[in-house]
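Chemist: Before I ask anything, here is the structure I am working with.
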Amino acid sequence: MSAPGPVMVEAAPSAALRPYVTRLCAFREHYAAPVTRSEAAMPGAVLVLAFGAPMEAGGRPVTAFTGGLGDRFIVTRTAGPIEGVEAVLTPFGARRLYGVPMRHLTNLVVPVSDLLGPWAGLLVERLAGTPSWRERLALTDRLLRERIAAGPPLRPEVPWAWARLLESGGRVSVSSLAGELGWSHRHLVARFHDQVGLPPKTAARVIRFARARRLLWSGVAIAEAAAACGFYDQAHMNREFRVLGDMTPGQIRPRPAGAGSAS
């Protein structure tokens, strides 16, 4: 057996899959003792195509599982060995793959078979029977690409608004998005709920949080990251980090010795 801990191999999604999947990762995990983690909210939907020992996610035992976007962190617990492939879907990749309004999956963890039926089980079986991690990633890419292409097509307005939110780091206003689309505020919120699972203002919070985390990981100072991402102040940033990630900014980028506490 390999040494305890996680091992991962990433692959860039193919060009045809890239509008719908932002990350593909083959992984294996096993630990000497159970490991509990807080998984932060993110601007994407996680799809885990795993086999091995069940883990606990969102308070329920699961192996191959998924869910929608959320506005809070989710607690996971891994006890036994598990491996497979993880994909991070855009909201629109998830909407087309699962064929249900994304508002039905907000802040939820569900077995993949609940949404994709026997197809999900067959995919996991094929992954388990494929020893090469690179081949697992290529197989997942191809089958997701085919399944998503067969899903319900989406109109371009909400993907455009989502792209504007991403480009701005969550700082463009909902009224501005609605005005540029020629939609009412209510209509934009309704369409966002269907295709994204969050109202645009909440989606902007998650995007802003994700951008702040990236800046902190890259070495940007906490106060500078707070200002760049549009937080009112560091206290506001701390509150958002606790709700969305069960962490403080200082836990991502600890302050130099002698500096004040991040929280």
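The values are calculated or read from the model by the stated rules, or taken from the named source; none is laboratory data. Bear in mind the structure is a predicted one, so any value in this text is a computation, not a measurement. So basically every Cβ, Gly included, is an ideal-geometry build from the backbone, and we count neighbours across all protein chains shown. Side chains included, ligands, DNA and RNA excluded: accessible areas come from the protein's heavy atoms. Shrake-Rupley method; radii C 1.70, N 1.55, O 1.52, S 1.80 Å.
Chemist: Please work out the Kirkwood hydrodynamic radius for the range 156-251, using every pair of different C-alpha atoms, and report it in angstroms with one decimal place. Walk me through the numbers before you get to the answer.
Modeler: Numbers: mean 1/r = 0.0720 Å⁻¹.
The answer is 13.9 Å.
Chemist: What ranking of His236, His104 comes out by heavy-atom accessible area, probe 1.4 Å, highest first? Please list the in-between numbers first.
Modeler: On the way: His236 20, His104 105 Å².
Descending order: His104, His236.
Chemist: Quick check of the Kirkwood formula: for the range 1-59, what is the inverse mean of 1/r over all pairs of different Cα atoms, in Å?
Modeler: Working: mean 1/r = 0.0718 Å⁻¹.
Roughly 13.9 Å, rounded to one decimal.
Chemist: Given charges of +1 on the Cβ of Lys and Arg and -1 on the Cβ of Asp and Glu, with all other atoms neutral, how large is the dipole of the range 7-150 about its Cα centre, in debye to the nearest 20?
Modeler: Details: 16 positive and 12 negative charges, 62 e Å.
Dipole of the range 7-150, to the nearest 20 debye: 300 debye.
Chemist: Further, regarding this structure: Over all pairs of distinct alpha carbons, what does the Kirkwood formula give as the hydrodynamic radius of the range 118-211, in Å?
Modeler: Numbers: mean 1/r = 0.0641 Å⁻¹.
Computed over Cα pairs of the range 118-211, the Kirkwood hydrodynamic radius comes out at 15.6 Å.
Chemist: How much length is gained if the chain between Arg239 and Trp217 is pulled fully straight, taking 0.36 nm per residue apart and subtracting their Cα-Cα distance, in nm to one decimal?
Modeler: Working: separation 22, 0.36 × 22 = 7.92 nm, distance 1.85 nm.
This chain segment gains 6.1 nm when fully extended.
Chemist: Continuing with this model, one more query. Take Phe51 and Ala79, extend 7 Å from each Cα along the Cα→Cβ direction, and tell me the distance between the two endpoints in nm.
Modeler: Placing both labels 7 Å beyond Cα along the Cβ direction yields 2.2 nm.
Chemist: Tally Lys and Arg at +1 and Asp and Glu at -1 over the other residues with C-beta under 11 Å from the C-beta of Ala64: what net charge comes out?
Modeler: Values: positive: none; negative: Glu86, Asp114, Glu125.
Local net charge: -3.
Chemist: Right, another one. From a point 7 Å beyond the Cα of Leu122 in the direction of its Cβ, which residues of the range 144-180 have a backbone N at a distance under 16 Å?
Modeler: Within reach of a label on Leu122: 144-151.
Chemist: Counting Lys +1, Arg +1, Asp -1, Glu -1, what net charge surrounds Arg77 among other residues with beta carbon under 9 Å of its beta carbon?
Modeler: Numbers: positive: Arg37; negative: Glu56.
After counting each charged neighbour, the total is 0.
Chemist: What order do Trp162, Trp133, Trp217 take when sorted by accessible area (1.4 Å probe), most exposed first?
Modeler: Working: Trp162 15, Trp133 35, Trp217 155 Å².
Output order, biggest surface exposure first: Trp217, Trp133, Trp162.
Chemist: Starting from one equal scatterer on each C-alpha and no solvent at all, send me the Debye-based log10 I(q)/I(0) for the chain at q = 0.07, 0.09, 0.10, 0.17 Å⁻¹, two decimals.
Modeler: Once normalised to I(0) and log-transformed, intensities are -0.26, -0.43, -0.54, -1.39.
Chemist: Which value in deg cm²/dmol, rounded to the nearest 500, describes the helix-derived mean residue ellipticity at 222 nm for the chain, given -39,500 (n - 2.57) per DSSP H run of n ≥ 4 and division by the residue count? Please list the in-between numbers first.
Modeler: Values: 11 runs with 114 residues, N = 263.
Helix contribution divided over all residues of the chain: -13000 deg cm²/dmol.
Chemist: Compute, for Asp71, the solvent-accessible surface of its heavy atoms (probe 1.4 Å) with the complete set of protein chains present, and express it in square angstrom to the nearest 10.
Modeler: 40
Chemist: Using every Cα-Cα pair within the range 7-150, state what percent have a distance larger than 21 Å. Show your work: numbers first, answer last.
Modeler: On the way: 3927 of 10296 pairs.
Across the range 7-150, Cα pairs with separations above 21 Å total 38 percent.
Chemist: When the Kirkwood radius is taken over all Cα pairs of the range 77-164, what Stokes-Einstein diffusion coefficient follows at 20 °C and 1.002 mPa s, in µm²/s?
Modeler: On the way: Rh = 14.7 Å.
Answer, rounded: 146 µm²/s.
Chemist: How much space per residue, in cubic angstrom, does the convex hull of the C-alpha atoms of the range 201-240 take up? Can you show the working numbers first?
Modeler: Numbers: hull volume 2.2 nm³, N = 40.
That works out to 55 Å³ per residue.
Chemist: For Glu135, tell me the accessible area in Å² from a 1.4 Å probe, rounded to the nearest 10.
Modeler: That residue has around 110 Å² of solvent-accessible surface.
Chemist: With Cβ to Cβ distances under 10 Å as the rule, what net charge do the other residues near Leu89 carry (K, R +1; D, E -1)?
Modeler: Working: positive: Arg23, Arg95, Arg96; negative: none.
Summing Lys/Arg as +1 and Asp/Glu as -1 gives +3.
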